[in-house]
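The values are calculated or read from the model by the stated rules, or taken from the named source; none is laboratory data. Predicted model only: the values in this text are computed from it and were never measured. A quick note on method: Cβ atoms are made from the backbone with ideal geometry, for glycine too, and the neighbour counts reach across all protein chains shown. Calculation scope for accessible area: heavy atoms of the full protein, side chains included, ligands and nucleic acids excluded. Shrake-Rupley method; radii C 1.70, N 1.55, O 1.52, S 1.80 Å.
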Amino acid sequence: MRPRPALLGMNNPISSDQRLALWPAPEGCTGWRIWKMLNERTGATRSQYTKRFLRLNACSDRVWSRPSRERVAELLTQLRGHEVVVFGESVRRALGIPKELMLPHRDEVHDITWRQLPHPSGRCLWYNDDLNSALASKLLADLYNGE
């Protein structure tokens, strides 16, 4: 059985509780934006979103700071065998993944398939382009559906 697909964000400015990583509330937060992209394509509820995806943040603090080597090693162990969407350049750099190896790239050492999307904050204009938004929602829907 394949492990759940994983979503990896930066940090949760509302809570340091990792169980709330990329949580789909409050409205307008990063987890809510990710869920909305998925919902628009699949009709997935918030509950289905939280159960289907392993949701993690690279930093467990409420303020973004580069994760410690221990945290990165912990993430690589936890993500073994998963297909992982990395949200944003900061997270990719924190993990030490070369940019040219992102779409998609199977890390043979850690048995992880990496994918990357821009961080879905309200400040990221990439998602304002309909084609980009459709590509992101398709990737999320494919992972949600096990494709």
Residues to consider are ARG46, ARG71, ARG41; find the one that is touching a residue at least 24 places away in the same chain (Cβ under 8 Å) and on the phi < 0 side of the Ramachandran plot.
ARG41
Which condition number in (1) part of a loop (DSSP other than H, G, I, E, B); (2) surrounded by fewer than 21 Cβ atoms within 10 Å (Cβ to Cβ) is the one that PRO67 fails?
(2)
Any idea how many residues of region 1-17 are open to solvent by less than 70 Å² (accessible area, probe 1.4 Å) and either within 13 Å of the chain's Cα centre (by Cα) or free of Cβ contacts under 8 Å to residues at least 40 places away in the same chain (or both)?
9
Those residues that are aliphatic (A, V, I, L, M) and open to solvent by 30 Å² or more (accessible area, probe 1.4 Å), I need them from region 112-138; list them, please.
LEU125, LEU131, ALA134, LEU135
Every residue from region 70-89 that is aliphatic (A, V, I, L, M) and either touching a Gly at 6+ places or on another chain (Cβ under 9 Å) or open to solvent by 20 Å² or more (accessible area, probe 1.4 Å) (or both):
VAL72, ALA73, LEU76, VAL86
Every listed condition ((1) of a type in the set (A, V, I, L, M); (2) in contact with a Lys or Arg (Cβ under 9 Å, 6 or more places away or on another chain); (3) modelled with pLDDT under 90; (4) over 18 Å from LEU143 (Cβ atoms)) holds for LEU20 save (3)
Taking ARG62, is it open to solvent by 30 Å² or more (accessible area, probe 1.4 Å), more than 18 Å from TRP126 (Cβ to Cβ), modelled with pLDDT under 85 and assigned to a loop (DSSP other than H, G, I, E, B)?
yes
Evaluate region 25-47: report whether one residue or more is out of contact with any Cys (no Cβ under 9 Å at 6 or more places or on another chain), closer than 15 Å to ALA141 by Cα, open to solvent by 40 Å² or more (accessible area, probe 1.4 Å) and not in a helix (DSSP H, G or I).
yes
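How many residues, within region 1-24, are of a type in the set (Gly, Ala, Ser), part of a loop (DSSP other than H, G, I, E, B) and touching a helix residue (DSSP H, G or I) at 6+ places or on another chain (Cβ under 8 Å)?
1
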